[in-house]
1. Output the number of the condition that GLY32 fails; it satisfies all remaining conditions of (1) open to solvent by less than 30 Å² (accessible area, probe 1.4 Å); (2) more than 21 Å from GLY388 (Cα to Cα); (3) part of a helix (DSSP H, G or I).
2. Between ALA80, ALA21, ALA86, ALA11, which is farther than 22 Å from TRP211 by Cα and touching a Leu at 6+ places or on another chain (Cβ under 7 Å)?
3. Go through (1) without any contact (Cβ under 8 Å) to a residue 24 or more places away in the chain; (2) over 26 Å from the mean Cα position of the chain (by Cα) and name the single condition GLN185 misses.
4. Within the set of pairs 6 or more residues apart or between chains, which connect a residue that is without any contact (Cβ under 8 Å) to a residue 24 or more places away in the chain inside region 59-83 to a residue that is open to solvent by 40 Å² or more (accessible area, probe 1.4 Å) and part of a helix (DSSP H, G or I) with Cβ atoms less than 6 Å apart?
5. Tally time: how many residues in region 179-197 are surrounded by 13 or more Cβ atoms within 10 Å (Cβ to Cβ) and in a loop (DSSP other than H, G, I, E, B)?
6. Name the single residue, out of those in region 203-231 being open to solvent by 50 Å² or more (accessible area, probe 1.4 Å) and modelled with pLDDT of 95 or more, that is nearest to the chain's Cα centre (by Cα).
7. Count, please, the residues in region 7-40 that happen to be polar (S, T, N, Q) and at pLDDT below 85.
8. What are the residues in region 1-19 that are in a helix (DSSP H, G or I) and either open to solvent by 50 Å² or more (accessible area, probe 1.4 Å) or touching a Cys at 6+ places or on another chain (Cβ under 7 Å) (or both), if any?
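The values are calculated or read from the model by the stated rules, or taken from the named source; none is laboratory data. Model, not experiment: these values are computed from the prediction. Here the Cβ positions follow ideal geometry from the backbone for every residue, glycine too, while neighbour counts run over all protein chains shown. Just the protein is used for accessible areas: all its heavy atoms, side chains included, with ligands, DNA and RNA removed. Shrake-Rupley method; radii C 1.70, N 1.55, O 1.52, S 1.80 Å.
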Amino acid sequence: MSLSLSPADEAFRQEVRDFLASSLTPEIRRAGSRMTSVYANHTAQMAWQEILHAKGWAAPGWPTEYGGAGWSAVQRHIYARERVLAGAPPTSPMGINMAGPAIIGYGTPEQKAFFLPKMLSGEHFWCQGYSEPQAGSDLAALQMRAERDGDDFICSGSKIWVTHANVANWMFCLVRTTRSERKQQGITFLLIDMNSPGVEVRPIVMNSGEWIQNQIFFDNVRVPVANALGGIDDGWTVAKYLLEFERGGTAYAPELRANLDALYANIAALRAQHGETHDNPMLNARLADVAIQIEVLDALEMEILSDLSSGHATGTDASMMKILGTELQQRVTELGLEASGPVGRAWQPGVAMAGGPVSGYPGDAEDYSSGEPWQAIAPLRYLNERAGTIYAGTTEIQRGILAKAELRL
């Protein structure tokens, strides 16, 4: 196994760095550096996708025949690292990283021709309709109905925890088309126009005050049968295929390292602000422990990258990386919240009137913060990262996959 870059890959890395340096606007960098979750500001995110699309880099993993960059696994990893280091926001994962590969893998020629170009350009912005109020981790227990009526399905039911449904105009959705003994049977993968009559989006405001999640209600919504992806009643196959991209398509170490480096700088700035001259040995020890674990994770990701470059499938590595990556994301934000102390709270000017002075709040701040931007990011990112070990399959499910596949339990 070789973890060193070839001369061609070194040249590609320099090309990526040059492009990022010349293309990122201050507004887009600002959105990338002040992310409170895995999702960037929508306006800045779409502006960045437009720039990437013009370059031909909007879809790093897609084949060139569909408008993708056609990069190798090594090139995708290089870009992911350099993007984080440059402070660029990610594109939304729901369309290009999830719905796109599913359409490429299972779509008809007509579906590919209609959906893929609009996904790349940003004309179509996607959300995911999987979880339901009574079917979260047990996804196969979903109940949303889709009954055949000529050339349409009539869909009724509800989906919950739908990220960015408030700005999406398309959804990929799992619906129940047939009742059978096995829950996984009789499910169909539908592509639904969010502007269809009968679709209602209701916000779920998070503890952080942000509106990112939503619940969607479908009241006799007509969806063309032609919008079924893969075979009718065989949507579970498509969903499993898509989950490989959702769980295994992320390199966690680059962003974790960047966030930890920023945390070190923020701690130094806060100490200087308060005139502190002594270290906190317990906090330093915990920071060092996380730094070591990030280095281990980085080595594992590089090993997996080497395997992918040799044509090997990820297999259960995707589950392992999701467990390690999301748990470390939570630990870094926990340390960030602890280090920020009394100023590490979200303060919303104009929403409430405090009964006394608010520590660190400068008055007419433009930002959603109680002082420096990172002091707001600390609590908000902490709250958002609680979901990391739940979405895309809970940590318990991932451990079960590993136990069954690797330990034969």
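1. Tallying (1) open to solvent by less than 30 Å² (accessible area, probe 1.4 Å); (2) more than 21 Å from GLY388 (Cα to Cα); (3) part of a helix (DSSP H, G or I), GLY32 fails exactly one: (2).
2. None of the other options fit; the residue is ALA86.
3. For GLN185, the failing item is (1).
4. Note: pairs meeting the criteria are PRO60/ARG76; GLY70/THR64.
5. Qualifying residue count for the region: 6.
6. PHE217
7. Result for region 7-40: 3.
8. Across region 1-19, the qualifying residues are PRO7, ALA8, GLU10, ALA11, ARG13, GLN14, GLU15, ARG17, ASP18.
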